[in-house]
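The values are calculated or read from the model by the stated rules, or taken from the named source; none is laboratory data. If you're wondering where the values come from, they're calculated on a predicted model, not measured in any experiment. All Cβ positions, glycine included, derive from the backbone under ideal geometry; neighbour counts span all protein chains shown. Ligands, DNA and RNA are stripped out before the accessible areas are found, and what is left, the full protein with its side chains, is counted by its heavy atoms. Shrake-Rupley method; radii C 1.70, N 1.55, O 1.52, S 1.80 Å.
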Amino acid sequence: MPSKQRDSRHHSDAPGGPVDRIAELIAPLRVRPGTKVRLPRDFDPGHTGDLVNKRAGAELLQRGVAMLADYQARLAAEHRRGLLVVLQALDAAGKDSTIRHVMSGVNPQGVRVHSFKVPSAEELDHDYLWRYAWRLPARGEIAIFNRSHYEEVLVVRVHPALLDNEKLPPSVRTRDIWGHRFRAINEFERHLSETGFRIVKLFLNVSKDEQRKRLLQRIDRPEKNWKFSAADLQERQFWDDYQQAYSDMLSNTSTEWAPWYVIPADHKWFARIAAAATIVHALMELDPQFPSPDPQARRELAQFRRALEEE
Ligand code: AMP
Ligand code: MG
């Protein structure tokens, strides 16, 4: 029986194994840097790759979740790199349930989830990246941003009144403000990547019809009532504006160092597989290693062993 550590090695080497499957699955979801995206034309929320149903994907999901747990342990032990997962979506696209399923096998000590809501008065007194910056992962950690700095070019763009709350001096509130934000965000992420932090950006892409069904479920099922918010219905009125803002965001902030992945979200089971696969793929590329003791440390360990044996 190979150890957990050997297990993932073994599979990363096998041609046609889960590693190849993962790369193949996520390739069409990546937004090639520099391409102009137009939603919904360019990405189908109902896409399920070559998987016909939930059952067909179950094994792959299980495998992905297990690999994630293994890589997270190595990332923590290595303690050099960190991983930031950015999760963006419209309401009812499945952000919460994706986090719950994808991270189900991971040691809770190694992962932090931050959910960003309407900014507080203190947060509004700072530049808009401040509140995100101080929740970034430390080395060895995975941080998940449930909503993120991208809200600053999404909800804030769709509702200009929110920009008024940000107290910008008139001289910096120009027509180019969104272009400036795209540039600042790209540079912020480039800085992170140049200092050892990997960024995985997932947009859960739900269709307008599927969102309607899910909002109806929140009304019809008592155990889901708590999730329903009148604000969701209000935001739905701005559907086209959001598609436009998301399209512009994807076109301007998918970079070589932090590309966007558009996760088809009309089938929750596929969204989970695709999200897990994208995160595993990034960790595979990082390939964190358990540190091996240097000769001096090994000699010391041998001495400790003798001392314990002679007790
Ligand atoms: P939920 O994710 O359903 O708990 O809702 C959080 C709410 O906070 C959403 O309506 C977001 O649009 C809002 N929100 C998140 N970030 C910002 C931001 N930077 N500025 C304004 N509203 C935000
Ligand atoms: Mg909500």
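A few notes on this one:
- Net length available on complete extension from Ser171 to Glu78 is 28.9 nm, with 0.36 nm assigned per residue and the Cα-Cα distance removed.
- Rolling a 1.4 Å probe over the protein heavy atoms leaves Tyr246 with an accessible area of roughly 10 Å².
- Net lengthening on full extension, Ala161/Glu24 (0.36 nm per residue, minus Cα-Cα): 45.1 nm
- Where the Cα pairs of the range 10-289 fall when distances are cut into 5 Å bins, in %: 1, 5, 12, 16, 19, 18, 14, 9, 4, 2, 0, 0
- Choice from Ser207, Ser251, Ser120 with maximal GNM fluctuation in the chain (Cα, 10 Å cutoff): Ser120
- Extended-chain gain in nm, criterion 0.36 nm per residue less alpha-carbon gap, Asn225 and Leu308: 24.0 nm
- Taking all protein chains together, Phe228, Phe116 sort by accessible area into Phe228, Phe116, largest first [probe 1.4 Å].
- Residue-level accessible surface for Val31, protein heavy atoms, 1.4 Å, Å²: 0
- Summed side-chain charge close to His159 - residues other than His159 whose Cβ falls under 11 Å, Lys, Arg +1, Asp, Glu -1: -3
- Between the listed residues Val262, Tyr246, Leu90, the Cα displaced farthest toward the positive end of the dipole of the range 10-289, a dipole computed from Cβ unit charges relative to the Cα centre, is found at Leu90.
- The magnitude of the dipole of the range 95-204, with charges of +1 and -1 set on the Cβ of Lys/Arg and Asp/Glu and taken from the Cα centre, is near 320 debye.
- Value at 222 nm in deg cm²/dmol, rounded to 500, when DSSP H runs of n ≥ 4 in the chain each add -39,500 (n - 2.57): -15500 deg cm²/dmol
- Two-site FRET efficiency, Arg135 against Gln296, from Cβ-Cβ distance with R₀ of 25 Å, rounded to 0.05: 0.10
- Label point at Arg183 placed 7 Å out along Cα→Cβ; residues across the range 127-161 whose backbone nitrogen lies under 17 Å: 128-129, 153
- In this simple spin-label approximation, Arg236 and Asp50 carry label points 7 Å from Cα along the Cα→Cβ vector, and these lie 3.7 nm apart.
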